[in-house]
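Student: Right, I'll just put the structure down here and ask away after.
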Amino acid sequence: MTSLHFAQISDIHFSSLGSHHELLSDHAPDILAGIIADLNQQADLDFVLITGDLFDVADQYEFDQFQAGIKSLDKPYYIIPGNHDRRTLDRTEGLTRRDFARHFNPQFDQRPTAPEAQSGYWSIAVDPQVQIIGLDSIRDADWGGVIDDAQWRWLEQELAAHADKFVIVAVHHPLHKLAPVDDHPNFTNFVCSNGPQLLALLDAHPQVKLVLTGHHHQTKVDKLGDRLHAAAPSTTIYPLAYRTFRLSRHADGRWQIDWQTPDAAGPDRIDQAKAAMIDAWHNAAGFDLDIVELHVGLALGDEADRQGSHIFEETV
């Protein structure tokens, strides 16, 4: 019987700028080290998925910090890019989107070569019956997300090729709105701009059972049809947490997914992160306290978001 145990880490935000706004980046190395120590002790853990925003401004210092930290992980790991994982267009120093993909995409040599093209996407079989498709949703213009035409065509081909598997899609930007702030004109970039079209494509491929995202720094699990969308919290923004999943297949062919959201730091550090989030969204961004409290609650997630179990009704 297929059984997979894996972890998702998202939005680590190593930063050469140190802690700022709601980021506790001064503590990012220690937080990641603690997560890795916990994961290394789990003998049956199969792999780790990192869903983007390893960095803050994507300079050499941040890259070196991440590389120094991740080398202690004893498990296989797979990485997709986030919007902070390449330098902005007004900078000449730091990683480009292609630099990031060259380092972290095992299928980089199969991707378009144009500097502006998305090149961080890949497709990997983690089990004979389970395929993970990692997407590159970053765009150069801003911190929003999109899937470009070349990647879209590739994705259609991958979905067709793996119609008989349980397919997990990993993408940094959520494909649907997670919170009221997503309707604010300054924060629409929390959701992938062609997310609705991508959802329609996934609807046409029922073997896609699980979509894992980051970017929004929210702890959320939504059921869209017979597909789960699990948004991960950040490890350096409140609530300082990560995800673990156990995927198994029943004798009747149905699949089951169980998830947990372990804390990545102690209570004092989590309280510090909560205070930083409130300050950033209330004093810096100017949101009313009632809106900020709602945002903080969504970041933490409710009990069903943080841990739960789901059996998929449709078999693959």
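Student: Being of a type in the set (Lys, Arg) and touching a strand residue (DSSP E or B) at 6+ places or on another chain (Cβ under 7 Å) is true for just one of 306, 254, 269. Which residue is that?
Tutor: Values: 306 fails: touching a strand residue (DSSP E or B) at 6+ places or on another chain (Cβ under 7 Å); 269 fails: touching a strand residue (DSSP E or B) at 6+ places or on another chain (Cβ under 7 Å).
254 is the lone residue from the list that is of a type in the set (Lys, Arg) and touching a strand residue (DSSP E or B) at 6+ places or on another chain (Cβ under 7 Å).
Student: Looking for something part of a loop (DSSP other than H, G, I, E, B), surrounded by fewer than 17 Cβ atoms within 10 Å (Cβ to Cβ), touching a residue at least 40 places away in the same chain (Cβ under 8 Å) and not acidic (Asp, Glu) - is there at least one such residue anywhere in the range 225-232? First the steps, then the outcome.
Tutor: To start, the set of residues in the range 225-232 that are part of a loop (DSSP other than H, G, I, E, B) comprises 225-226, 232.
Going one step further and asking which of them are surrounded by fewer than 17 Cβ atoms within 10 Å (Cβ to Cβ), we end up with 225-226.
Applying the additional criterion that residues be touching a residue at least 40 places away in the same chain (Cβ under 8 Å) yields 226.
Next, from what is left, pick out any that are not acidic (Asp, Glu): none.
Scanning the range 225-232, I find no residue that is part of a loop (DSSP other than H, G, I, E, B), surrounded by fewer than 17 Cβ atoms within 10 Å (Cβ to Cβ), touching a residue at least 40 places away in the same chain (Cβ under 8 Å) and not acidic (Asp, Glu), so the answer is no.
Student: For the range 298-309, indicate whether the set of residues that are surrounded by 15 or more Cβ atoms within 10 Å (Cβ to Cβ), in a strand (DSSP E or B) and out of contact with any helix residue (DSSP H, G or I) (no Cβ under 8 Å at 6 or more places or on another chain) is non-empty. Lay out the reasoning, then the answer.
Tutor: Residues of the range 298-309 that are surrounded by 15 or more Cβ atoms within 10 Å (Cβ to Cβ), as a first pass: 298-301, 305-308.
Then drop every residue that is not in a strand (DSSP E or B), which leaves 308.
Adding the requirement that they be out of contact with any helix residue (DSSP H, G or I) (no Cβ under 8 Å at 6 or more places or on another chain) leaves 308.
Within the range 298-309, one or more residues are surrounded by 15 or more Cβ atoms within 10 Å (Cβ to Cβ), in a strand (DSSP E or B) and out of contact with any helix residue (DSSP H, G or I) (no Cβ under 8 Å at 6 or more places or on another chain).
Matching residues to (1) of a type in the set (Lys, Arg); (2) closer than 21 Å to residue 83 by Cβ; (3) touching a helix residue (DSSP H, G or I) at 6+ places or on another chain (Cβ under 9 Å); (4) at pLDDT below 95:
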position: 212; (1), (2), (3), (4): no, yes, no, no
position: 218; (1), (2), (3), (4): no, yes, yes, no
position: 233; (1), (2), (3), (4): no, yes, yes, no
position: 237; (1), (2), (3), (4): no, yes, yes, no
position: 292; (1), (2), (3), (4): no, no, yes, no
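Student: Shifting gears a bit: Of the conditions (1) under 19 Å from the mean Cα position of the chain (by Cα); (2) surrounded by 21 or more Cβ atoms within 10 Å (Cβ to Cβ), residue 111 satisfies every one except a single condition; which number is it?
Tutor: (1)
Student: Do you know which of the residues in the range 235-290 that are touching a Ser or Thr at 6+ places or on another chain (Cβ under 8 Å) and of a type in the set (Phe, Trp, Tyr) is surrounded by the most Cβ atoms within 10 Å (Cβ to Cβ)?
Tutor: Within the range 235-290, the match that is surrounded by the most Cβ atoms within 10 Å (Cβ to Cβ) is 242.
Student: Of all residues in the range 59-90, which are acidic (Asp, Glu), in a helix (DSSP H, G or I) and surrounded by 14 or more Cβ atoms within 10 Å (Cβ to Cβ)?
Tutor: Listed by number, the list holds a single entry, 62.
Student: Let me ask another. Based on this model, can you work out whether residue 106 counts as closer than 27 Å to residue 237 by Cβ, touching a residue at least 12 places away in the same chain (Cβ under 8 Å) and touching a strand residue (DSSP E or B) at 6+ places or on another chain (Cβ under 7 Å)? Let's see the steps before the verdict.
Tutor: Values: closer than 27 Å to residue 237 by Cβ: no; touching a residue at least 12 places away in the same chain (Cβ under 8 Å): yes; touching a strand residue (DSSP E or B) at 6+ places or on another chain (Cβ under 7 Å): yes.
No.
Student: Name the residues in the range 125-160 that are closer than 15 Å to residue 192 by Cβ and basic (Lys, Arg), would you?
Tutor: 139
The values are calculated or read from the model by the stated rules, or taken from the named source; none is laboratory data. None of these values were measured; they are calculated from a predicted model. When we count neighbours, we look across all protein chains shown, and the Cβ atoms used for this are built from the backbone with ideal geometry, even at glycine.
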